[in-house]
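Everything on this sheet refers to the single structure shown next.
The values are calculated or read from the model by the stated rules, or taken from the named source; none is laboratory data. These numbers were taken from a predicted model, which means no experiment stands behind them. Cβ atoms come from the backbone with ideal geometry, glycine included; neighbour counts cover every protein chain shown.
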Amino acid sequence: MTDETISATTIIDAPAEAIFAVLADPAKHAAIDGTGWVREPLDSQHLTEAGQVFRMAMYNDNAPGGHYLIGNRVQVFDRPRVISWEPGMDTGGSNPRIVGHIWRYDLAPAGPSRTEVTLSYDWSAVPDSLRQRLPFRFPPFAADHLTNSLAHLAELVTG
């Protein structure tokens, strides 16, 4: 963990492939999210490769009007070990305006049917010019959001 990255780790009683399959399905992201901001996907396809863009409806009381859209670009897709994406401002197409923060899940074997999962949020590449205009500081949520998200992921996979 650095000053501009937070992370949480847990062990899930499931193989990495089963966990990765949930993470690669944007329709599952609202159920995983620990903040309650993520709503539903605007695209129905599963994630299959780096560079792919998936759009999501969001809600946050601190956002103007509450509702907004984001476009996420898959940064790393290494099935079943790593998946990460860069959220950005939704432009309605395949080229979101990436703002410099990254969500990343690292999966490692922890036994025959167990997987160590680390969720990281990195905002180190968010430019100062954008940070000065935003009505919040990074990270924009409590650190326990990551722990909550991992608990939700475990429930989805094992429930």
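On the given criteria, is Glu17 in contact (Cβ under 8 Å) with a residue 12 or more places away in the chain, more than 24 Å from Pro96 (Cα to Cα) and more than 14 Å from the chain's Cα centre (by Cα)?
Yes.
Within region 38-59, track down each residue that is surrounded by fewer than 16 Cβ atoms within 10 Å (Cβ to Cβ), hydrophobic (A, V, I, L, M, F, W, C) and within 14 Å of Asn95 (Cα to Cα).
Residue satisfying the conditions is Ala50 alone.
For region 42-66, what are the residues that are under 19 Å from Ser149 (Cα atoms) and either over 13 Å from the mean Cα position of the chain (by Cα) or part of a helix (DSSP H, G or I) (or both)?
Matches in region 42-66: Ala57, Tyr59, Asn60.
So which pairs qualify, if the first residue must be in region 90-111 and surrounded by fewer than 13 Cβ atoms within 10 Å (Cβ to Cβ), the second must be assigned to a loop (DSSP other than H, G, I, E, B) and not hydrophobic (A, V, I, L, M, F, W, C), the Cβ gap must be under 7 Å, and the two must be at least 6 apart or on different chains?
Arg97/Thr91
Looking at (1) at pLDDT 95 or above; (2) of a type outside the set (Asp, Glu); (3) assigned to a helix (DSSP H, G or I), which one does Ser84 not meet, given that it meets all the others?
(3)
Kindly indicate whether Val76 is free of Cβ contacts under 8 Å to residues at least 40 places away in the same chain, surrounded by fewer than 17 Cβ atoms within 10 Å (Cβ to Cβ), closer than 22 Å to Arg97 by Cβ and of a type in the set (Val, Ile, Thr).
yes
Counting only residues that are in a helix (DSSP H, G or I) and either touching a Cys at 6+ places or on another chain (Cβ under 6 Å) or of a type outside the set (Val, Ile, Thr) (or both), which one in region 3-26 is modelled with the lowest pLDDT?
In the first step, residues of region 3-26 are kept if they are in a helix (DSSP H, G or I); the result is 16-23, 26.
When the remaining residues are screened for being either touching a Cys at 6+ places or on another chain (Cβ under 6 Å) or of a type outside the set (Val, Ile, Thr) (or both), the result is 16-18, 20-21, 23, 26.
Details: Ala16: 97, Glu17: 97, Ala18: 97, Phe20: 98, Ala21: 97, Leu23: 97, Pro26: 92.
Ranking the qualifying residues of region 3-26, first place goes to Pro26.
Quick check on my filter: what residues within region 27-38 are touching a residue at least 40 places away in the same chain (Cβ under 8 Å) and in a helix (DSSP H, G or I)?
If the condition is that a residue be touching a residue at least 40 places away in the same chain (Cβ under 8 Å) and in a helix (DSSP H, G or I), then Lys28, Ala31, Ile32 are the ones that fit.
Which pairs have Cβ atoms under 8 Å, sit 6 or more apart or on different chains, and link a residue in region 112-124 that is at positive phi to one that is charged (D, E, K, R)?
Within 8 Å, no pair qualifies.
For region 70-81, enumerate the residues that are in contact with a Leu (Cβ under 7 Å, 6 or more places away or on another chain) and part of a strand (DSSP E or B).
Val74, Phe77
Being under 15 Å from the mean Cα position of the chain (by Cα) and within 18 Å of Leu153 (Cα to Cα) is the requirement here; does Leu119 meet it?
Answer is yes for this residue.
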